[in-house]
Amino acid sequence: MKQIDGDRKAKSAPVIKQNLSLSTLAAQKVMTRSFEKLAESLFQISVILRAIGEREHVDEAEEIMNKHFEAASTDIEAKIEQMKQLAEQHGVSISPDYTNQVTYELEINTPHLAQFTGLVGRMDDLVSIIDSLWLHSILDNRQASNARFEWSRRMINVAGRIIGLSRKVRKEAYNSGKKELVESVAGEEPTDEGMDPELMEAVKADQKEKKAKAKPKVEADTKVEKKANAKAA
């Protein structure tokens, strides 16, 4: 048998190739700043958890990711409905034209990456309505600017939390003595090189939040230990 095409050493993985067109600058910035790093992290989570094969960790990671995506989706849809009602009350069009619509060629290699792409598309729809309300003087400059910033930050925060999760998954695998296995399937640990500062801030904020939640338990354990030592004395 002679192989005439393909890489003999590479594994064949399923991908969906699609184009995503975004009109608003806010949505375009989200894609530029977060898509590639998020795609890398989602792939890392997928291959590491498959290699480890621990059902509990797989389910936990799935639950965390679904929670972030579902919360963002629910909030976006609710805001879109609110903005549509406001536009209808004032009888204005909700589909302005744009001077620089951008189309991205994407390779979707995990289901959660597809979810994120869909969310960015819906965010683009939302900001488009906000822009229309601003152009018709229904929203003033401050209101429109704050709304654009709020949703851009929200989506980047979602990406940052998933990136933080991928680091947690890798760290736990390392701590359980599976560093060699992890690096054989997922490569060496990704660096922060080239990461957008706003995205990096979101990753750090998520890590700080996790440490803050863990701190009370540590303090409680210390108090229990001190009481036990006092009784023993």
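Every number here is computed from the coordinates shown, using simple stated rules; none is lab data. Here the structure is a predicted model, which means the values were calculated and not measured. Glycine gets a Cβ as well: all are built from the backbone with ideal geometry, and neighbour counts include every protein chain shown.
Data table
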item: Highest to lowest packing among 155-163, 143-151, 15-23, scored as the average C-beta count within 10 Å; result: 155-163, 143-151, 15-23
item: Descending principal axes extents, the stretch 79-178, alpha-carbon based, whole Å; result: 62, 28, 22
item: Dimensionless Rg ratio for the stretch 120-198, taking C-alpha atoms and the 2.2 N^0.38 Å reference; result: 1.68
item: Value of Rg/Rh across the stretch 26-82 [Cα atoms, Kirkwood radius]; result: 1.10
item: Given K37/K204; K67/K208; K79/K208, the pairs whose alpha carbons are separated by over 22 Å; result: K79/K208
item: Relative contact order of the stretch 1-149, pairs being alpha-carbon contacts under 8 Å that are 6 or more residues apart, as %; result: 42 percent
item: Per-pair calculated FRET efficiency, R0 = 35 Å: T103 and E172 via Cβ, rounded to 0.05; result: 0.35
item: T191-D140 pseudo-label distance in nm [points 7 Å out on the Cα-to-Cβ vector]; result: 4.8 nm
item: Translational D in µm²/s for the stretch 53-108 (Stokes-Einstein at 25 °C, 0.890 mPa s, Kirkwood Rh from C-alpha pairs); result: 161 µm²/s
item: √(5λ) per eigenvalue of the Cα gyration tensor, the stretch 1-146, largest first, Å; result: 38, 20, 11
